[in-house]
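The values are calculated or read from the model by the stated rules, or taken from the named source; none is laboratory data. Please read these numbers as outputs of a predicted model, since none were measured by experiment. In this analysis, Cβ positions are derived from the backbone assuming ideal geometry, glycine residues included, and neighbour counts consider all displayed protein chains.
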Amino acid sequence: MALIETPAGQDITEALVERVRTASSSQKPLRIVGGDTKRFYGRPVAGETLELTGHHGVLRYDPAELVITARGGTLLADIEALLARHGQQLPFEPPSFGPLATLGGTIAAGLAGPARIARGPVRDCVLGTRLLTGDGRVLKFGGEVMKNVAGFDVSRLLAGSLGILGVLLEVSLKVLPVARASRTLRRRVDEQGVIGLLGAVVQHGLPITGSFWSADELYVRLEGSPAGLDEVVPTIGGEILDESAAASLWHGVREQTHPYFASARPLWRLSLPATAAGAALLRADRVAFEWNGGQAWLSGVARQTIDLITRTAGGHATLFRRDDADHGTTGEVFAPLPASMLDLHRTVKRVFDPAGVLNPGRMYADL
């Protein structure tokens, strides 16, 4: 199937361009909003709302090419439903955090779900973008084929930029076929043994596309051919969940509706060396591991404790969700950057948003 941009879509683009140019000339900040389902993520932004939901629609999709192109305001649920009808999926299994999540917000947030350990981060799936910069230019980067990677790959840079570099008008993504079969295993293992177990599993090269541990329960998802999975399941052991229970479990992990995430805030996300992630620095009911131990979640823990863990084990921490009481505060969310790296971020920001009007302060106070 092939869809092309309609005149109505062009009109909406022109209206967005004019709105951004006006804001830039008057130096009035804009808060870019799609479905606003990830408003909790990052620092709060003050400014007029730039609404993107009207700028929606799939522009091009050919299942044989494994590429889809859609406008930034297109609902993530609509894209996933379209792909599912053709037996395909977004490789990075993005969380939506609500039915109004949009494609542009998904890419700008750069958040990946359980399958990231097997299929890579969001940026690896972005083939091309059409971007509205802070001074009203409409620029196109990349393309719609996986071999089009000549020059500096700006499209990958935009993944996870939280809108501080521009408004994502269009995004082209590579997609993948849904696996022929899946098995989810559950087994009991304490936090002293889980990282070692996962490390051994990884060394065996098993087709793991998701792992999650909390409260002494480990879940591992494997995908591939039915016969191949039947051979490797004994390597991990444990109980095989039925399809319904497995789907519910991974949806809960992806969307953070799993009981672990219902515990006290704040919620911290830590990226740690796998060998350090199992350090028993906290009670087991406050820690969860994903991505074979490479990502840890800690809830209801003070910042001082988080700083101690990252200094001791290495890695970095993100304040993923704040306490409800301090939702509107402006404290730092992401790990501090070295001065040279922060200067580079500022330089890139000035290139794409000279007046600094797009989502100012969303990542760091002076970006």
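Assorted remarks:
- Any chance TRP250 is crowded, with 20+ Cβ neighbours inside 10 Å and modelled with pLDDT under 95: no
- When every residue of region 234-247 is checked against the conditions, at least one turns out to be under 21 Å from the mean Cα position of the chain (by Cα) and either part of a strand (DSSP E or B) or farther than 22 Å from LEU59 by Cα (or both).
- Filter pass, LYS38 being closer than 15 Å to LEU358 by Cβ, of a type in the set (D, E, K, R) and in a loop (DSSP other than H, G, I, E, B): no
- Of residues in region 44-60 being out of contact with any Leu (no Cβ under 7 Å at 6 or more places or on another chain) and not in a loop (DSSP other than H, G, I, E, B), the one modelled with the lowest pLDDT: GLU51
- Tally, over region 77-90, of residues that are in a helix (DSSP H, G or I) and over 16 Å from ARG119 (Cβ atoms): 7
- Lone qualifier among ALA317, ALA264, ALA296 - being aliphatic (A, V, I, L, M) and either more than 22 Å from the chain's Cα centre (by Cα) or at pLDDT below 85 (or both): ALA264
- Those strands (runs of 3 or more DSSP E) of region 167-227 in which at least 3 residues are under 30 Å from VAL20 (Cβ atoms) and not small (Gly, Ala, Ser), considering only elements entirely within it, cover 167-174.
- Residue within region 65-76 that is assigned to a helix (DSSP H, G or I), surrounded by 19 or more Cβ atoms within 10 Å (Cβ to Cβ) and at pLDDT 95 or above present: yes
- Of the residues making up region 91-144, those that are part of a loop (DSSP other than H, G, I, E, B), buried (at least 18 other Cβ atoms within 10 Å of the Cβ) and under 17 Å from the mean Cα position of the chain (by Cα) number 14.
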